[in-house]
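Structure, as structure tokens:
The values are calculated or read from the model by the stated rules, or taken from the named source; none is laboratory data. This structure is a prediction, so every number in the text was calculated from the model and none was measured. Because the Cβ atoms are built from the backbone with ideal geometry, glycine has one as well, and the counts that use them run over all protein chains shown.
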Amino acid sequence: MEKEDWQRKGAGHRQRLRDRFLDRGLDGFSDKEILELLLSFGTPRSDCKESARRALKQFGSLAAVLETPLAGLQEITGIGPKNGFAVHFIQAVARRYLKDRLQGKRYLTSSADVRDYLLHALRGLKKEVLCVIYLDSSHAILDTETVAEGTINVNTVYPRELIKKALQRNAAALIIAHNHPSGSIVPSSQDMQLTRTLSLLGGMMQIRLLDHIIIGDDSFSFADNGLMAEIHDACRETMERLHSSKV
């Protein structure tokens with residue numbers, strides 16, 4: 001009888017949360033309530049309040065919970081395979097939504113959307129991942145793609161293969177982005193070398209590298225911090241020297 005009474009009260013509580021969302025969206029929802037409702041999709045007949053509270057206490061924020069690997073989520077008492085699946089599924093849906101929303105938009109007027117997508121897709125990952133955003137001559141976004149996983153440098157990315165992919169899409173410009181699992185957003189010497197190599201090789205094929213974005217606890221843009229302008233100037237001087245040596 002007590003179990004039936006608890007299930008009835010729990011179902012009523014979840015329905016009130018659903019009704020609030022349908023009425024006002026997420027305005028007024030706490031992170032715990034959002035996570036509780038999300039976990040209930042995996043186990044609709046279970047009380048998820050304590051599981052949500054424990055997960056937020058363990059990982060610190062809703063974003064951190066969403067970015068936690070399945071094995072890490074299941075270390076929380078009350079979160080099993082079905083709850084973990086619900087969390088990872090909604091995170092993947094959000095990533096797909098943010099990615100698809102970029103198609104056809106101009107980068108210069110949608111850079112915030114690009115940053116949102118990259119932060120969602122790359123922040124919190126345990127290994128380095130390199131993403132490329134391909135753009136046409138008017139800087140409209142053609143496609144996005146993950147091209148490398150693991151250590152990101154010129155020895156693992158193969159810049160000529162990346163340029164080949166750009167040519168296949170008739171891209172006129174590129175934006176590259178990768179994450180630092182440590183959370184640091186300071187460019188490494190390998191990051192600088194990769195950016196210079198891609199900029200030089202792309203310039204030879206009339207494909208301009210617009211930016212290199214590093215995702216960590218925050219984000220760092222080579223373009224916004226003046227590094228792309230310096231790299232482009234250095235690459236132009238290199239190409240001029242190469243041209244003059246052939247004449």
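Identify, from the list 92, 71, the residue that is small (Gly, Ala, Ser), loosely packed, with under 15 Cβ neighbours inside 10 Å and under 15 Å from the mean Cα position of the chain (by Cα).
92
Only one of (1) of a type outside the set (Gly, Ala, Ser); (2) crowded, with 19+ Cβ neighbours inside 10 Å; (3) in a helix (DSSP H, G or I); (4) in contact with a helix residue (DSSP H, G or I) (Cβ under 6 Å, 6 or more places away or on another chain) fails for residue 144. Which number is that?
(3)
Quick one: residue 152 ticks every box in (1) in contact with a Leu (Cβ under 9 Å, 6 or more places away or on another chain); (2) at pLDDT below 90; (3) at positive phi bar one, so which box is it?
(3)
How many residues are out of contact with any helix residue (DSSP H, G or I) (no Cβ under 6 Å at 6 or more places or on another chain), hydrophobic (A, V, I, L, M, F, W, C) and in a loop (DSSP other than H, G, I, E, B) if we restrict to the range 204-234?
So the answer is 1.
List pairs: first in the range 7-32 and more than 16 Å from residue 48 (Cβ to Cβ) and at pLDDT 80 or above, second surrounded by fewer than 12 Cβ atoms within 10 Å (Cβ to Cβ) and among the β-branched types (Val, Ile, Thr), Cβ under 6 Å, 6+ apart or cross-chain?
none
Inside the range 209-231, can you point out the residues that are under 13 Å from the mean Cα position of the chain (by Cα) and of a type in the set (Val, Ile, Thr)? Full working, then the answer.
Keep residues of the range 209-231 that are under 13 Å from the mean Cα position of the chain (by Cα), which gives 213-219.
213, 214, 215, listed by residue number.
I'd like to verify a number: residues in the range 149-165 that are farther than 16 Å from residue 202 by Cβ, touching a strand residue (DSSP E or B) at 6+ places or on another chain (Cβ under 9 Å) and not hydroxyl-bearing (Ser, Thr, Tyr), how many? Give the steps one after another, and end with the answer.
Initially, the range 149-165 is screened for residues farther than 16 Å from residue 202 by Cβ, giving 149-153, 155-156.
Add one more test, that the residue is touching a strand residue (DSSP E or B) at 6+ places or on another chain (Cβ under 9 Å), and what stays is 149-150, 152, 156.
Checking the rest, the ones that are also not hydroxyl-bearing (Ser, Thr, Tyr) come to 149-150, 152.
Residues in the range 149-165 being farther than 16 Å from residue 202 by Cβ, touching a strand residue (DSSP E or B) at 6+ places or on another chain (Cβ under 9 Å) and not hydroxyl-bearing (Ser, Thr, Tyr): 3 in total.
Of (1) crowded, with 16+ Cβ neighbours inside 10 Å; (2) under 24 Å from residue 127 (Cα atoms); (3) polar (S, T, N, Q), residue 40 satisfies all except one. Which?
(2)
State whether the residues of the range 152-172 include one that is part of a strand (DSSP E or B), buried (at least 18 other Cβ atoms within 10 Å of the Cβ) and in contact (Cβ under 8 Å) with a residue 12 or more places away in the chain.
We begin by selecting, within the range 152-172, every residue part of a strand (DSSP E or B); these are none.
No.
Look at residue 185 and say whether it is of a type outside the set (Asp, Glu), within 18 Å of the chain's Cα centre (by Cα) and modelled with pLDDT of 90 or more.
Working: of a type outside the set (Asp, Glu): yes; within 18 Å of the chain's Cα centre (by Cα): yes; modelled with pLDDT of 90 or more: yes.
For residue 185, the condition - of a type outside the set (Asp, Glu), within 18 Å of the chain's Cα centre (by Cα) and modelled with pLDDT of 90 or more - is met.
Could you list, in sequence order, all residues of the range 173-193 that are out of contact with any Ser or Thr (no Cβ under 9 Å at 6 or more places or on another chain) and part of a helix (DSSP H, G or I)?
189, 191, 192, 193
Output the number of residues of the range 103-140 satisfying the condition of being more than 21 Å from residue 224 (Cα to Cα) and either touching a helix residue (DSSP H, G or I) at 6+ places or on another chain (Cβ under 8 Å) or touching a residue at least 60 places away in the same chain (Cβ under 8 Å) (or both).
3
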